[in-house]
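Right, one structure below, let's go through it.
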């Protein structure tokens with residue numbers, strides 16, 4: 001463990017709540033475990049680092065999330081706004097049942113990649129249908 005290394009990758013690789021990687025077309029932050037007010041600062045830092053380290057759209061993979069609350073949604077929305085300022089987009093992938101329920105309640109279904117029943121649209125990728 002090199003504490004003298006100031007690079008954001010050092011933080012990203014050792015996060016207990018999320019992992020940063022890339023696929024063929026996107027930067028991907030995969031969340032895991034429980035996400036609430038006690039993990040939101042770490043999640044926000046990982047999301048911000050992913051934005052800084054990538055020029056691609058950002059996909060947040062929710063497939064391994066066991067629990068999430070409104071603070072997590074707030075961090076994702078803040079990240080989406082940061083990306084929009086840079087002319088980039090954010091999409092959500094593979095929400096669990098509890099994740100999908102919270103996205104439905106918050107009106108954020110348009111951020112799903114791909115949305116149910118089809119391919120993602122540019123509106124869905126940017127998230128203009130979602131409330132802020």
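FYI, it's all coordinate maths here, none of it is from the lab. Keep in mind that this is a model prediction, so the values were computed, not measured. Using ideal geometry, Cβ is built from the backbone for each residue, glycine included, and neighbour counts are taken over all protein chains shown.
If you go through segment 29-38 and keep only what is farther than 13 Å from residue 76 by Cα and surrounded by 13 or more Cβ atoms within 10 Å (Cβ to Cβ), you end up with 32, 33, 34. Scanning segment 47-77 for residues that are surrounded by fewer than 23 Cβ atoms within 10 Å (Cβ to Cβ) and more than 19 Å from residue 100 (Cα to Cα) gives 48, 49, 51, 52, 53, 54, 55, 56, 57.
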